[in-house]
Amino acid sequence: RRLLELVMSARRKRLKKQKGRKPRALVVGATAGIISALVKRGFRVFATDLSPGVSGLRLGGVKVESGRDANTRRMKEADVAIITGMTLPNRTLLGLMEMAKKHNTSSIIWAISGHNCGQYYTENGVDCVISDPSPFLLLPGPATMAIWLRKAPGTE
């Protein structure tokens, strides 16, 4: 949650101006663990997915909507969008980033697909990238994660 608060406060929508309401997160590419973690931490969560087998399911207590129908509306409502790396190979990432910019929504890429593209993502407008270079090797012991943050204008 601290990383999300940092990104949202340093970037686009200022939550301080919107007291009295839960922060709103959109999870694009519904991921049960991310949705559950956000719900447990007090976020109002929207989830979308392009897979017809996932749309309509409840994950982490949140009903998953079709990304084809709901992404534009939910991006407008969200303070932060957590977007899976699968949006790179399925060619929806550019449109999602344009929507995030248009609606002043902070963006985090959860990069399993494209995990080595963090610098590129942040240089092209993504606020934060969290990368897991070996997500399918869920072995006990320490894990390596990479995090990139976009530099705020004027801090170069």
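The values are calculated or read from the model by the stated rules, or taken from the named source; none is laboratory data. Bear in mind that the values here come from a model prediction, so they are computed numbers and not experimental data. The accessibility values were calculated without ligands, DNA or RNA, using every heavy atom of the protein model including side chains. Shrake-Rupley method; radii C 1.70, N 1.55, O 1.52, S 1.80 Å.
What to note about this one:
- Å² per residue, accessible surface of the stretch 27-101 at 1.4 Å: 49
- Kirkwood-type radius of the stretch 22-91, with distances r between different C-alpha atoms, in Å: 11.7
- Of LYS22/LYS76; LYS40/LYS101; LYS22/LYS63; LYS63/LYS102, those spanning more than 21 Å from alpha-carbon to alpha-carbon: LYS40/LYS101; LYS63/LYS102
- When Rg and the Kirkwood Rh are both derived from Cα coordinates, the Rg/Rh ratio for the stretch 64-122 amounts to 0.95.
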